[in-house]
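**Student:** Below you'll find the structure I mean.
The values are calculated or read from the model by the stated rules, or taken from the named source; none is laboratory data. Small disclaimer: the values here were computed from a predicted structure and weren't measured. Reconstructed Cβ throughout: ideal geometry from the backbone, glycine too, with neighbour counts over all protein chains shown.
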Amino acid sequence: MGTSTHFQQMIAGWVSGEVELAPIGKLVGFRFTSFENGVVRVELDAGPQHHNPMGIVHGGIFCDIADAAMGVAFAATLADGESFATLQLQASYLRAVREGRLIASGRVVHRGRTVGHTECEIVDGEGRPVARFTSVCSVLRGAATQ
């Protein structure tokens, strides 16, 4: 269960901006800003383009940045020939946000041979918690990775 150089290089490329993000990153507007000690940091400058009809950042936007942070943290644990799929995503919203910097910090809580658990906290630009997430991931091998 060693980490793959491929995943480490990809993550480093996203953080440095040398590797292009997946299309969802561009669509939503988030960026990877660090990967240290197993914690992936994703940032988003939220604005009106992220609002729901109530005039606040849509909950799905929080899900997108949390899922990106947790997924990349989990991907960093994968060996060559492994992939993963998210089986469950749980969200708890703590504070409404209209605009400003959102910072998602995702990490792996447990990595087993076939299943892993991750968590993420999102804070605003002032460091106040705005949402918490957990996810369950299934490790895929062989034909299941395609």
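**Student:** For residues in region 29-53 being among the small types (Gly, Ala, Ser) and either within 13 Å of the chain's Cα centre (by Cα) or crowded, with 16+ Cβ neighbours inside 10 Å (or both), which is modelled with the lowest pLDDT?
**Tutor:** Applying the filter and picking the extreme gives GLY38.
**Student:** Which one of CYS120, CYS63, CYS137 is touching a residue at least 60 places away in the same chain (Cβ under 8 Å), in a strand (DSSP E or B), of a type outside the set (Gly, Ala, Ser) and in contact with a strand residue (DSSP E or B) (Cβ under 8 Å, 6 or more places away or on another chain)?
**Tutor:** It is CYS137.
Yes/no per residue for (1) touching a residue at least 12 places away in the same chain (Cβ under 8 Å); (2) crowded, with 21+ Cβ neighbours inside 10 Å; (3) assigned to a helix (DSSP H, G or I):
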residue: TRP14; (1), (2), (3): yes, yes, yes
residue: LEU21; (1), (2), (3): no, no, no
residue: LEU27; (1), (2), (3): no, no, yes
residue: GLY55; (1), (2), (3): yes, no, no
residue: ASP80; (1), (2), (3): yes, no, no
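**Student:** Okay, next question. Taking region 84-114 as the region of interest, how many residues are part of a strand (DSSP E or B), over 14 Å from the mean Cα position of the chain (by Cα) and in contact (Cβ under 8 Å) with a residue 40 or more places away in the chain?
**Tutor:** 5
**Student:** Every residue in region 102-140 that is charged (D, E, K, R) and either surrounded by 14 or more Cβ atoms within 10 Å (Cβ to Cβ) or within 16 Å of VAL40 (Cα to Cα) (or both), please.
**Tutor:** ARG107, ARG111, GLU119, GLU121, ASP124, ARG132, listed by residue number.
**Student:** If you don't mind, there's one more thing I want to ask. Looking at THR118, THR145, THR134, can you tell me which residue is more than 18 Å from PHE35 (Cβ to Cβ), among the hydroxyl-bearing types (Ser, Thr, Tyr), at pLDDT 95 or above and touching a Ser or Thr at 6+ places or on another chain (Cβ under 8 Å)?
**Tutor:** The unique qualifying residue is THR134.
**Student:** Could you count how many residues in region 43-59 are among the small types (Gly, Ala, Ser) and farther than 11 Å from ALA96 by Cα?
**Tutor:** Of the residues in that region, 2 qualify.
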